[in-house]
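The values are calculated or read from the model by the stated rules, or taken from the named source; none is laboratory data. Because the structure is predicted, anything quoted here is derived from the model rather than measured. Don't worry about glycine lacking a Cβ; one is built from the backbone with ideal geometry, like all the others, and counts go over all protein chains shown. The accessibility values were calculated without ligands, DNA or RNA, using every heavy atom of the protein model including side chains. Shrake-Rupley method; radii C 1.70, N 1.55, O 1.52, S 1.80 Å.
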Amino acid sequence: MADPVALARDLIRCPSVTPAEGGALATIETMLKGAGFTVHRVTFEEPGTDPIENLYARIGAAAPHLMLTGHTDVVPPGDEAKWSHPPFASEIAGDVLYGRGAVDMKGAIACKIAAALDYLAANGGKPKGSISFLITGDEEGIAVNGTVKLLKWAAERGEKFDHAILGEPTNPQQLGDMMKIGRRGSQNGTLVVTGTQGHVAYPELADNPVRNIAALMVAINAEPIDSGTAHFGASNLEFTSIDVGNRTVNLIPAEARARFNIRFNDTRTREELRKLIEARAARAAAKIRWHIEWEPSNADVFLTPPGPFVDLVSGAIKEVTGLTPKLSTTGGTSDARFIKDYCPVIEFGLLSQQMHKIDEHVATADLVALTAIYRRILERYFAQ
Ligand SMILES: [Zn+2]
């Protein structure tokens, strides 16, 4: 049987900090080819971005088609001197494996591969339907030459997916306590207030945008946006910076800007939210000159509603861990926001506490248990 710990160690040794491939996809390619997968290595690029290597592998030709997906790129280690085990040495101390990507998410990819190989070995080398691996090297970066393009590339080849499991770290405390069945949408904007520049000692001759932007910010945040839904928390707007850039003590500036982000639930659309925020600003504005610059966004809200697929995954988690996972939509955005346009997607992986940290690590027991969970999912999925 494929050993998820050994495979995770091999992957962590590959220094695949976005946009570098670092040998991680080559390692996966070798493993999957050996098990009979047809493997494609696909590089995407566009002007102004780094070219990124991605991998798509499939075994089987029939439905149902289950996509196992994730990313091999990792965030930089930061100050390597602060690590007690070097970030790409893949050292084991006690029952803990250290290294960048241990939980986010080379560990989970290793578990998926080990589970798939074990499932195939137990079933004559072929699934009853199809298993594919869709692995990107561009998740932690700007994510333009990764999953978005890989999905489109696969669709153009005629690939059709029935369900997907993304291996991002989802468990806050222990393996089995949470899976994600959706994600909130995200929208960035900048509130811009224009004033009239002048001498601070002659305010009557100026129009101070600092006073005015403060008034609009209060008005925009005066009421909650909503109170949440069955599967989502309340939509929320947070201001993240106020920028005037005025270094002169006796000058009233000409303009003030405030950046904000909205995380929104499944009762909201982007367009409706923009109107709502603009209406709040307009009501408070009176003579204030203002506008909002809305950034383009590809992070829409989505939900994979509870049903047979969610039950299947949840049941497999319970079978191995004894825990019934909470069905959550919390956290930031993930590549699931792109996958949901092709098939229902859920996320389940390792523990989330260690993501992006110095001394990122994973318990080897968690790698073994997560492999068992993915293995049970495959068993149940193709037994349907
Ligand atoms: Zn990740």
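For this structure, a couple of remarks:
- Extension gain for the segment residue 248 to residue 155, taken as residue separation times 0.36 nm less the Cα-Cα distance, is 27.8 nm to one decimal.
- Residue among 118, 73, 311 with the largest mean-square fluctuation in a Gaussian network model of the chain, springs linking Cα atoms under 10 Å: 311
- The stretch 281-309 and the stretch 52-131: distance between their alpha carbon centers, rounded to Å: 35 Å
- Placing a pseudo-label 7 Å from each Cα along the Cα-to-Cβ vector at residue 194 and residue 330 gives an inter-label distance of 4.3 nm.
- Gain on full stretching of the segment that runs from residue 240 to residue 318 - 0.36 nm per residue minus C-alpha separation: 24.1 nm
- The stretch 103-231: proportion of alpha-carbon pairs further apart than 19 angstrom, %: 73 percent
- Close amide H partners of residue 360, meaning residues 5 or more places away or on another chain with modelled amide H under 5 Å apart, are 99.
- R0 of 22 Å, Cβ-Cβ distance residue 40-residue 311: FRET efficiency to nearest 0.05: 0.10
- Against the compact-protein benchmark of 2.2 N^0.38 Å, the Cα-based radius of gyration of the stretch 327-384 scales to 1.37.
- Share of carbon and sulfur in the accessible heavy-atom surface of the chain [1.4 Å probe, %]: 52 percent
- The chain: most fluctuating residue of 366, 300, 79 per GNM, C-alpha cutoff 10 Å: 79
- Filter on 112/152; 33/160; 128/152; 160/180; 112/357; 149/340 - keep pairs with C-alpha separation over 19 Å: 112/152; 33/160; 128/152; 160/180; 112/357
- Rounded FRET efficiency, nearest 0.05, which uses the C-beta distance separating residue 96 from residue 227 and R0 of 30 Å: 0.15
- Within the chain, the selection of entire DSSP H helices by a Cα span of 27 Å or greater along the long axis and an average Kyte-Doolittle value of at least -1.0 returns 364-383.
- Each Lys or Arg adds one and each Asp or Glu subtracts one; over the other residues with Cβ under 12 Å from the Cβ of residue 41, this totals -2.
- Annotation: for a label point projected 7 angstrom from Cα along Cα→Cβ of residue 84, residues of the stretch 345-374 with backbone N closer than 12 Å are 359-361.
- Local charge for residue 335 was computed over the other residues whose Cβ lies under 14 Å away, with Lys and Arg +1 and Asp and Glu -1, and equals -3.
- Here the peptides 147-154, 57-64 are ranked by packing, the mean other Cβ count within 10 Å, and the order with the highest first is 147-154, 57-64.
- Cα-based radius of gyration of the chain once divided by 2.2 N^0.38 Å, which approximates compact folds: 1.14
- Protection proxy ranking of 179-189, 233-243 - average other beta-carbon atoms within 10 Å, highest first: 179-189, 233-243
- All C-alpha to C-alpha distances of the stretch 160-231, sorted into 5 Å bins beginning at zero, yield P(r) values of 3, 10, 12, 12, 11, 10, 9, 8, 7, 6, 5, 4, 2, 1 percent in whole numbers.
- Simple Cβ-charge dipole of the chain, Lys/Arg +1 and Asp/Glu -1, about Cα centre, in debye nearest 20: 740 debye
- Helical mean residue ellipticity (222 nm; -39500 (n - 2.57) per DSSP H run of 4+; nearest 500) of the chain: -9000 deg cm²/dmol
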